[in-house]
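Here is the structure we will look at.
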Amino acid sequence: MLNKRRDFLKLLSLVPASVVLSPLSKIVGEPVKNANHIIILVFDAWSAENVQMFGYPRRTMPNLEKFSEKAIVYHRNYSGGNFTIPGTASILTGLYPWTHRAFALGGVISKEHSKHTVFNVLNPSYKTIGFSQNVNSDTLIFEAGKDVEKHIPFGSYDLNDRITYDASIFQNDAYSAFLAFENTIFNHEKGRDGSLFGGPIIRLFDLENEKRLLQKYGAAYGGNLPNNYEMFALPNLVDGFIKLLSELTEPSLIYFHVYPPHKPNFPYPKYLNKFNVDNYKPIAKPDHPLVIGPKTYGLQNDARLHYDAFLASWDEETGRLFEYFETSGIKQNSTIIITSDHGELHERGYYGHTAPIHYEPLVHVPLVISTPGVDKRIDVYEPTSNIDLLPTIAKIANIPQPAWVEGQVLPIFETDTDPLRSVFTFDASQNSSFSALKIYTIALIKGNRKLIKFVWPKYTKLEYYDLSTDPEEMNNLVDKKPSDLSQMEEEINTVIENANKAYNK
Amino acid sequence: MEFIKKRIPESNEMLMALGMALFVVHSWSLRMFFFRVPSFLLYMGVGQILAVLAYMMAFALLESLFVTLILILVSTILPSTWLRDGLGYKSFIIILVAAVASYLIQREIESTYPGIKTLLLWAVETGAPMIALLLLAGFVKPVRKVIQFLSEQVSVMVFIYLPIGVISLIVVIFRLIF
């Protein structure tokens, strides 16, 4: 069983999506309009390729599977980018990274599009609430400004307080404060601090505090604690979210972005022990030239093991949240969207997500939507993108589609969708946000075909995969010149040319 | 009041101490800023970069003032011959050694608390050369002259970094209010 990884996906991908969709959409009918709340729940760095429901051999998320029994499951959903900033910006704006321009590490959405967010679209029809446990997406929520009526501070559910920019005094200028305090004045143990004397002293206090927290809470996580800049316990996140939901008094849009399963992965030990003995052996794949300091197969697998166990730990906690959705009636009268900003890779000499190598684990992200009227699981196999969330939410809320949006309403919410539409993922982390695109990776997914174009200094390459027969992306078919290769390449070139028009003047 | 006046170091000595603190703290802060600038240029406009610089310089000003205040406070408490008399050159030594120690210690504090033993060791490793240099400068006049000369040269920095810090602080306050 475990050696036949993704076999069932291979089979399913051979079935034309339209055949699967048409009858199901008839069964379900129109989702109910004007749901009470619209909840966007984002798990950071969560790859669909590590969830059994999407074809992974390990059963990492049984509670999600249960939740999905009465939900729409999008099996081929893609993030806009391969790390938090472009991925989140695409969710919030419904735009591809080359349009919203938030594609550098630390970057934000361009001024032109900074108010083009889901918060702006739904405000004032809905009370808008934003929270992110990832500092990078938190700055994007800050950028939305007053369109977010209630911005829950970054560290609200953490065990300690190390972050400066989220203090109330900095609310008017949080992005500058973030870049100054978190990136330079205090580096939070990554290199040297910009504060010569204060830096080390603050570090000592913080580390001493963390030592105490580890003594108090660490046993549950094998002597460690999940952390971003601050330490946190998984149950606190769920408890905090449940409390937030229980206090809602009016129809609300809630963007709730949690850090798990982002690394560092400190899972409950029982899941490490469980997956450690399941004999699952991922296919060994060649190191990629764009990976710096390649990791061995063993190191990648160890990281994968911890990631999977962390997913299972997080799923154990979210089980309580899903139960609350049911018992509180929220699931019956609200739309709940569960997805991720980007995936996570444990192959090709790498583990993590900032390497610009857009293979499936990095950009194929889960998308599960529960909405009133859906009382059985609906599986959708058309390629979709997280840029489709905003137009879909607008449709659910009965709000006219914004003119600037690049995504489309998701299948099921729209019956007349094109199963062969083009979906893109994009990385230009080394390219200036203010100039033409010269260094980038772009992937185009069209049906079961995928073309990846790498344009990097000393490395320009095309890779073409047929995901129906080669879901592991092992056989680059470029040399065999598939019939639609030139057409797909042309489409990519057109996208880049159009994106560069404004900068080449 | 007279008692307090007697205990407080002379103003030119305090200015020299402030000059050294401003010089060391701001220079380090600027080094970190310029280290970041290439990546900032990928996603930030000039205005945004200057805003970050303003935060850093404002913080450096507050940090420098804090360091100077600590030195002045300690000098008023200790016997006057220990620190108050010749605060200018003594501050030069203390801040310089502390800066080197801080630079080295930053590398050691990465992800785990070092523990009391290590902290005590660092305190000794920092304190010993500091005291040795202070004694050397106190007893060997040519050494003291050289340090005094350097200290006076560095005090010029008050007229460069202090205005930069004050302007930066005003910019930050303005940004936080509006």
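The values are calculated or read from the model by the stated rules, or taken from the named source; none is laboratory data. Keep in mind the model is a prediction, meaning the values are calculated, not measured. Glycine gets a Cβ as well: all are built from the backbone with ideal geometry, and neighbour counts include every protein chain shown. Calculation scope for accessible area: heavy atoms of the full protein, side chains included, ligands and nucleic acids excluded. Shrake-Rupley method; radii C 1.70, N 1.55, O 1.52, S 1.80 Å.
Overview of values
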{"quantity": "Options A:P264, A:P260, A:P235: the member that is modelled with pLDDT of 95 or more, under 21 Å from A:F154 (Cβ atoms), out of contact with any His (no Cβ under 9 Å at 6 or more places or on another chain) and loosely packed, with under 15 Cβ neighbours inside 10 Å", "calculated": "A:P235"}
{"quantity": "Residue count, the range B:44-61 (criterion: open to solvent by 20 Å² or more (accessible area, probe 1.4 Å) and within 9 Å of chain A (Cβ to nearest Cβ))", "calculated": "4"}
{"quantity": "Residues within the range A:181-199 that are closer than 16 Å to A:Y165 by Cα and open to solvent by 30 Å² or more (accessible area, probe 1.4 Å), tallied", "calculated": "1"}
{"quantity": "Neighbours by Cβ (under 8 Å, 6+ apart or cross-chain): first from the range A:207-219, polar (S, T, N, Q); second surrounded by 14 or more Cβ atoms within 10 Å (Cβ to Cβ)", "calculated": "A:N209/A:N160"}
{"quantity": "Selection from the range B:147-167 of residues that are closer than 13 Å to B:S27 by Cβ and of a type in the set (G, A, S)", "calculated": "B:G165"}
{"quantity": "Out of B:V124, B:V156, B:V172, sole residue that is at pLDDT 95 or above, loosely packed, with under 12 Cβ neighbours inside 10 Å and under 22 Å from A:F197 (Cα atoms)", "calculated": "B:V124"}
{"quantity": "Identity of the residue in the range A:200-209, more than 7 Å from chain B (Cβ to nearest Cβ) and of a type outside the set (A, V, I, L, M), that ends up least open to solvent (accessible area, probe 1.4 Å)", "calculated": "A:D206"}
{"quantity": "Tally, over the range A:63-89, of residues that are touching a strand residue (DSSP E or B) at 6+ places or on another chain (Cβ under 6 Å) and part of a helix (DSSP H, G or I)", "calculated": "1"}
{"quantity": "Total residues in the range A:442-487, condition surrounded by fewer than 19 Cβ atoms within 10 Å (Cβ to Cβ), under 19 Å from A:S429 (Cβ atoms) and in contact (Cβ under 8 Å) with a residue 40 or more places away in the chain", "calculated": "2"}
{"quantity": "Looking only at the range A:419-429, and only at residues there that are in contact (Cβ under 8 Å) with a residue 60 or more places away in the chain and either more than 13 Å from every other protein chain (Cβ to nearest Cβ) or not hydrophobic (A, V, I, L, M, F, W, C) (or both), the one that is surrounded by the fewest Cβ atoms within 10 Å (Cβ to Cβ)", "calculated": "A:S422"}
{"quantity": "Candidates A:P62, A:P86, filtered to the one that is touching a residue at least 40 places away in the same chain (Cβ under 8 Å) and open to solvent by 10 Å² or more (accessible area, probe 1.4 Å)", "calculated": "A:P62"}
{"quantity": "Selected residue (criterion: nearest to the other protein chains (Cβ to nearest Cβ)) from residues of the range A:157-182 that are closer than 24 Å to A:L213 by Cβ, in a helix (DSSP H, G or I) and within 25 Å of the chain's Cα centre (by Cα)", "calculated": "A:F178"}
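Residue by residue, here is whether (1) open to solvent by 30 Å² or more (accessible area, probe 1.4 Å); (2) in contact with a Ser or Thr (Cβ under 8 Å, 6 or more places away or on another chain) holds:
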residue	(1), (2)
B:S75	no, no
B:L87	no, yes
B:L104	yes, no
B:R107	yes, no
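This table checks each residue for (1) in contact with a strand residue (DSSP E or B) (Cβ under 6 Å, 6 or more places away or on another chain); (2) more than 25 Å from A:T469 (Cα to Cα); (3) among the small types (G, A, S).
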position	(1), (2), (3)
A:P294	no, yes, no
A:A303	yes, yes, yes
A:T327	no, yes, no
A:G352	no, yes, yes
